[in-house]
Amino acid sequence: VWGVSLRYDLGGSHPLVGRSVPDFEWVDGTKVGELLKGGTGLLLDFDARASLRTLAGRWGDRISYVARDAKDRLGLSAVLVRPDGVVAWVSEAAPSIDDASQAASRWFGEPVGRRVAE
């Protein structure tokens with residue numbers, strides 16, 4: 001039994017936020033589930049935007065950037081996925097870099113270079 005109907009209240013307004021990420025499939029047959037094996041979060045960018053690549057790079061040790069178009073993107077343009085496979089942020093239109101950055105900070109801490117030394 002898989003918890004498909006399970007939804008965590010993560011505060012996002014999109015119905016996919018807080019749910020397990022759909023197992024998007026790319027043209028080459030690769031699926032999201034295979035990419036989650038790396039133990040990092042994923043920033044799925046279905047339109048390969050330089051701004052999202054740069055944003056993901058700020059969390060390069062904790063977020064893997066994936067720029068590919070899915071066979072069925074479900075009307076989405078970008079998705080931030082936690083390492084446990086739960087969707088943390090979604091964009092249907094041109095993504096707000098501020099919103100994406102806030103979601104990344106919430107779930108992955110401060111970006112590289114902005115951490116306070118102990």
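The values are calculated or read from the model by the stated rules, or taken from the named source; none is laboratory data. From a predicted model like this one, the values you see are computed outputs, not experimental measurements. Heads up, the Cβs are rebuilt from the backbone with ideal geometry, glycines too, and the neighbour counts pull from every protein chain shown. Calculation scope for accessible area: heavy atoms of the full protein, side chains included, ligands and nucleic acids excluded. Shrake-Rupley method; radii C 1.70, N 1.55, O 1.52, S 1.80 Å.
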Residue pairs within 7 Å by beta carbon, gap of at least six or interchain, first lying in segment 39-67 and on the phi > 0 side of the Ramachandran plot, second part of a strand (DSSP E or B) and surrounded by fewer than 17 Cβ atoms within 10 Å (Cβ to Cβ), listed first then second, are Ala48/Ala67
Of those in segment 30-50 that are exposed (fewer than 13 other Cβ atoms within 10 Å of the Cβ) and not in a loop (DSSP other than H, G, I, E, B), the residue modelled with the highest pLDDT is Ala50
- Would you be able to say whether some residue in segment 97-118 is acidic (Asp, Glu), modelled with pLDDT under 90 and open to solvent by 40 Å² or more (accessible area, probe 1.4 Å)? yes
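Take segment 78-100 and flag every residue that is among the polar types (S, T, N, Q) and either over 11 Å from the mean Cα position of the chain (by Cα) or over 24 Å from Gly38 (Cβ atoms) (or both).
Step one: list which residues in segment 78-100 are among the polar types (S, T, N, Q), which gives 91, 96.
Selection gives Ser96 alone.
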Given (1) in contact with a Lys or Arg (Cβ under 6 Å, 6 or more places away or on another chain); (2) closer than 20 Å to Ser101 by Cα; (3) surrounded by fewer than 18 Cβ atoms within 10 Å (Cβ to Cβ), Glu25 misses just (2)
Scanning segment 87-102 for residues that are without any contact (Cβ under 8 Å) to a residue 24 or more places away in the chain and under 19 Å from Arg19 (Cβ atoms) gives Ser91, Asp99
Exception for Gly75 within (1) in a helix (DSSP H, G or I); (2) free of Cβ contacts under 8 Å to residues at least 24 places away in the same chain falls at (1)
